[in-house]
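The values are calculated or read from the model by the stated rules, or taken from the named source; none is laboratory data. Nothing here was measured: the structure is a model prediction, and the numbers come from that model. Positions of Cβ are generated from backbone atoms using ideal geometry, with glycine treated the same way; all protein chains shown enter the neighbour counts. Each accessible area value is taken on the protein alone, full model and side chains, heavy atoms only, with ligands, DNA and RNA left out. Shrake-Rupley method; radii C 1.70, N 1.55, O 1.52, S 1.80 Å.
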Amino acid sequence: MRAALIQMPVTEDKRRNIETACRRLREAKARGADIAVLPEMFCCPYDNACFRTYGERAGGMAQAALSALAAELELYVVGGSLPELEGDRIYNASFVYGRKGELLARHRKAHLFDIDVEEGQRFRESDTLSPGNAVTTFETEFGTMGLCICFDLRFEELARCMCLRGAKCIFVPAAFNMTTGPAHWDLLFRQRAVDNQCFTVGVSPARDETASYVAYGHSMAVDPWGNILCQAGSGEATLYADLNLRRLESVRRQLPILSARRTDLYEVREL
């Protein structure tokens, strides 16, 4: 399964961002991609002040464009994420489209990015966004795939739930920053891959030093042994990762972690 990791710049022009994404998706298909992944907030500046203004309801402009192009190209599209409006709420939501343009999955970011690092990054998504409450997987001809967004990846139980459902790869639109990125980006993607014996694919926006929130970049794919298959720098790039699913089966056979779980050890009991 060939995955395209589209690390694209995000501007203040939503229509331009969508056009950039669609152009990169066409290039990915021409390079033999089976599935293409866009970054977190690919059509919107990552800023609380922008989320409602750039948000859209079901079937909005960005969603319609990705669905139509997925059908035209017969390409799986993990549509990064965008601000989704429902009632008075705003969600950081990722939409996945199948080869016929059908909606296969929607994941609303469950763990909102509320951090305050001393002498580093401060951000509170919860000032504007509402959390989702679902474990998200979707089916392809390659098998079950998992989906989460950025800060979700820090919660190992969410990744484990996806893999217990059969996920072979976890796709993660993400936008780590210049504090958390250098410290934890590589570590977390390798850690989740090894913990769950799956592929992990993280896709970031390209870095823009003039933005109010500066993304780390470094989109990457990791195999179930923890090997980095490909990794971008900070600028605009499209990477291609050939995910050998037989490799996953081999690793799980050699180290049968998932099948060897001792659930009886984790029961809460009174002493």
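The table below gives the values:
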item	result
Residue in the stretch 91-103 that is farthest from ALA58 (Cα to Cα), counting only those that are crowded, with 20+ Cβ neighbours inside 10 Å and not aromatic (Phe, Trp, Tyr)	GLY98
Test: TYR46 is farther than 26 Å from LEU243 by Cα, touching a residue at least 60 places away in the same chain (Cβ under 8 Å) and of a type in the set (Ser, Thr, Tyr)	yes
Any hit, the stretch 160-176, residues being more than 17 Å from GLN231 (Cβ to Cβ), of a type in the set (Phe, Trp, Tyr) and touching a residue at least 24 places away in the same chain (Cβ under 8 Å)	no
Residue within the stretch 119-128 that is closer than 30 Å to LEU248 by Cβ, modelled with pLDDT under 95, open to solvent by less than 40 Å² (accessible area, probe 1.4 Å) and of a type outside the set (D, E, K, R) present	no
Residue tally, condition surrounded by fewer than 18 Cβ atoms within 10 Å (Cβ to Cβ) and in a loop (DSSP other than H, G, I, E, B), over the stretch 236-263	7
Qualifying residue in the stretch 179-202 (condition: modelled with pLDDT of 95 or more, aliphatic (A, V, I, L, M), closer than 25 Å to LEU85 by Cα and within 14 Å of the chain's Cα centre (by Cα))	no
Odd one out for ALA134, checked against (1) modelled with pLDDT of 95 or more; (2) surrounded by fewer than 22 Cβ atoms within 10 Å (Cβ to Cβ); (3) of a type in the set (A, V, I, L, M, F, W, C); (4) not in a loop (DSSP other than H, G, I, E, B)	(4)
Helices (runs of 4 or more DSSP H) lying entirely in the stretch 1-77 (those with 1 or more residues that are buried (at least 24 other Cβ atoms within 10 Å of the Cβ))	14-30, 61-73
